[in-house]
Amino acid sequence: MVQAANTVDRLLTTLVVLVCILPAAAYAQADSTQINFSISPNELPSVQVNQAEDGIEIRSVRVEGLEYLDESTVITGLTIKAGDILVGNVTAKLNAASEALYNTGWYQEKPLLALDSQGEGAVLKVTVHENPIYQGTTITGNTLFSTGRILQEVEGGPDGGNGQMKPGDVINVRSLQRAIDGISRLYADAGYIAAGVNNFSFSYAGADEGMVTLDISEGFVEDIIIAGLEGTREDVVRSQITHLHAGSVLTQDDIYRDINQIYNTGLFETVEPDIEQSLKPGYVQVILNVTEAATGQVGFGLGYSTINGLQGSVNYNEKNLFGSGKVLGATVVFSRNKPGLQLTYSDPYYKDDSFYSVSLYSLHERQQAAPGSAYESELAVDTQGVSLGYGQHLNEYDSWQSTFTIADYDYEVRKGDPFRGTDPRTRARLSAKGQTRKVGLSYTHDTRDNIFSTHQGIYVKPTWEIAGLGGDFSFQKQSLEAREFFKFGSGTLGFRERVGMGSGDIPIYEQWRLGGVQSVRGIPEDMLQGTHHLLLNGEYRVPFNDTVGGVAFMDAGWAGNGFDEMDNAVSAGLGARIKLSFLGVNAVRLDYAWQIAGDKEDHGGSRFHFFLGEMF
């Protein structure tokens, strides 16, 4: 007991020094009239004391300085309780207990903890300076939400729940922080991703004692900076930034839509946003970090066609000519027919919102009818022509385009009679050779989130064509195509519907043709033909990782010389999608399909299909 008494005497002597030092540190700022709070307050000065090897028992706790709070509030927040025995570095334990009590949010500064001797133990004396009584809140900087609506997150109301503080309550910094979090959620739920409380403070003396001040920063855009450009002109990127504007409030929807528009140019591998606070209060800088894709690409395509045998293409495509986003391409198509050639040039950013394209081609293909039957026929068709296009973007989602095409058609019958079973007038229409001159007009409404790998959105495109204009054929064709995409589970549900009809002297090479890798999989190419058609496709696409995905699909098609006299076929199958970096945005498409119904089931069976890029 003598040894323990000596230990206590030495400890209490040291604590006298601690008690003398700590009040000076704690009240050094007592003449200030306003306090700003942070999550991690400064630690108390470190004062070394002797180790309490045998421990000091806390006999009781005495709280001083209370004006508003119940003593039980202080006791509850203490990590040192009556009956505890302090062993080791007592100063460190008192420091930790003081900080824990301060972090309960009720106090202007860290409470002062000291030990007074009491018999063989000690009394823990806790001196506190409470926050003032809450009187109200002054809100500045808000324009998007009313002061009353924001105040509901602090004091409660119909939209803000029970609130965090009421007039007459002692201000609690933790409760105030929860109110600030609620204000941030209010803005974030409305899509204002850079908005929140910039600063908060309250007065604890003077005429404004107990008044809280909240300074709202709503995240106005000061500037939009494009980083990472190498060969692409900045104006090409800025032409796609149509929602973000200097002086406007930054929203999640605006930045998301502009990023998609930039990515959909096909010029960039990645587009990543960054938001930085501006030196100008209440403003932010939006930084768009882009990684350019390869501009010049040599590509190839390879597949097998029941008509054309092994077929493929080799192409060179410069999609960012001179850094201006212009596209120059050349494609050589090969199969068991003679080679074909196509040259294209387009300017998606011609002037303001307009765009144009030019295409020259000399193509050779084979068309068949009734494949595998006794009446199988085959045509070798040669087409040479030029096509001009001009259009304009009306807004983010809508555009129109006009086209003018001159094409010379010639063919050779390679097998059977392609016109068997037709009346003389129809035979004359189908078998005609000559030149087609036609104009077209289309309108596109496109809300897809990503045109290369769509997860949601719709695409609608009506098209009208009229031929004549001094050519050898006079006819009209109308079509309507729609696509819908929905997120479903871990994948995407996609649907395509297309209906088309025609009238007049439509030659065989201008008819609608269904069957094969781009329309109805699982049946021979061109198995369904006519002046009228209906096509339905459905797919469920699931990515397994960044490179490989799987697809389940169903296709259905109808074609004939009228909606009341159509042949049809229905198929279903499974497929894989493999993305290869050197193919850019394209994906290798491997599909295996079975014909499961149709008027020409005996010509169906099952087929494997290979192609580059999604079907729709």
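The values are calculated or read from the model by the stated rules, or taken from the named source; none is laboratory data. Just so you know, these numbers come straight off a predicted model, no measurement behind them. We place every Cβ from the backbone using ideal geometry, glycine too, and count neighbours over all the protein chains shown. Quick note on the areas: whole protein, heavy atoms, side chains included, nothing else; ligands and nucleic acids left out. Shrake-Rupley method; radii C 1.70, N 1.55, O 1.52, S 1.80 Å.
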task: Using +1 at the Cβ of each Lys and Arg and -1 at the Cβ of each Asp and Glu in the chain, identify which of Val460, Val499, Gly88 lies farthest towards the dipole's positive end.
output: Val499
task: In whole Hz, with x marking every Gly and Pro, tabulate ³J(HN,Hα) for segment 115-121 from phi via Karplus 6.51 cos²θ - 1.76 cosθ + 1.60, θ = phi - 60°.
output: 10, 10, 5, 9, x, 8, x
statement: Along the dipole axis of the chain (charges at Cβ: +1 for Lys and Arg, -1 for Asp and Glu; origin at the Cα centre), the most positive-end residue among Gln476, Gly325, Val236 is Gln476
- line: Along principal axes, largest first, the alpha-carbon spread of segment 156-245 in whole Å comes out as 63, 31, 18
message: Using square roots of five times the C-alpha gyration tensor eigenvalues, list the equivalent-ellipsoid semi-axes of segment 476-553 in whole Å, biggest first.
response: 31, 14, 8
- line: If every Lys and Arg gets +1 and every Asp and Glu gets -1 at its Cβ, then about the Cα centre segment 410-451 yields a dipole, in debye to the nearest 20, of 300
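Write down the percent of antiparallel bridges among all DSSP beta bridges whose residues are both part of the chain, to the nearest 5. Walk me through the numbers before you get to the answer.
On the way: 196 of 215 bridges.
Bridges in the chain are about 90 percent antiparallel.
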statement: With Cα coordinates, the longest principal axis of the chain makes an angle with the long axis of helix 252-263, in degrees rounded to 10, of 40
- prompt: Short version: ³J(HN,Hα) in whole Hz for each residue of segment 353-362, in order, from phi by Karplus 6.51 cos²θ - 1.76 cosθ + 1.60 (θ = phi - 60°), x for Gly and Pro, what are they?
  reply: 9, 9, 8, 8, 8, 9, 9, 10, 8, 9
field: Placed amide H near Gly210: partners under 5 Å, 5+ positions off or other chain
entry: Ser203, Tyr204, Ala205
field: Identified option (computed percent of Cα pairs over 37 Å apart; candidates (i) 76; (ii) 62; (iii) 56)
entry: (iii)
task: Could you work out the mean projected area of the convex hull around the alpha carbons of segment 62-174, in square nanometres to one decimal?
output: 9.0
message: Starting from the Kirkwood Rh over alpha-carbon pairs, what translational D in µm² s⁻¹ does segment 434-530 have by Stokes-Einstein at 4 °C and 1.567 mPa s?
response: 84
message: If I take every Cα pair under 8 Å that is 6 or more residues apart in the chain, average their sequence separation and divide by the length, what percent do I get for the relative contact order?
response: 6
- prompt: Hey, what does the equivalent ellipsoid look like for segment 89-138, semi-axes from the Cα gyration tensor as sqrt of 5 times each eigenvalue, largest first, whole Å?
  reply: 29, 12, 6
Percent of beta bridges antiparallel (DSSP, segment 143-292, rounded to nearest 5): 70
message: Order 484-491, 86-93 from most to least packed using the mean count of other Cβ atoms within 10 Å.
response: 86-93, 484-491
statement: With a 1.4 angstrom probe the carbon and sulfur portion of accessible area for the chain, in percent, totals 53
query: Given 10 Å bins starting at zero, what is the percent of C-alpha pairs of segment 125-190 in each, up to the one with the largest pair distance?
result: 20, 51, 20, 7, 2
query: Which value at 222 nm does the chain reach when only helices count, each DSSP H run of 4 or more adding -39,500 (n - 2.57), with the total divided by all residues and rounded to the nearest 500 deg cm²/dmol?
result: -5000 deg cm²/dmol
- line: Placing +1 on each Lys and Arg Cβ and -1 on each Asp and Glu Cβ in the chain, then taking the dipole about the Cα centre, the residue among Asn172, Thr436, Thr138 whose Cα reaches farthest towards the positive end is Thr436
Total charge dipole magnitude, the chain, about the Cα centre, Cβ charges on Lys, Arg, Asp, Glu only, Debye to nearest 20: 2080
Per-residue HN-Hα couplings for segment 391-397 [Karplus 6.51, -1.76, 1.60; θ = phi - 60°; Hz; x = Gly/Pro]: x, 8, 7, 7, 6, 4, 10
message: Could you tell me the relative contact order of segment 382-502? Use alpha-carbon pairs under 8 Å, at least six residues apart, and round to a whole percent.
response: 19
field: Within segment 384-468: Cβ-based charge dipole about Cα centre, in debye rounded to nearest 20 (Lys, Arg +1; Asp, Glu -1)
entry: 560
For Leu115, distant residues with modelled amide H under 5 Å away: Lys125
query: Which residues does a label at Glu292 reach in segment 244-269, if reach means a backbone N under 16 Å from a point 7 Å past the Cα toward the Cβ?
result: 263, 265-269
- prompt: So how compact is segment 457-616: Cα radius of gyration and Dmax in angstrom?
  reply: 17.1, 55
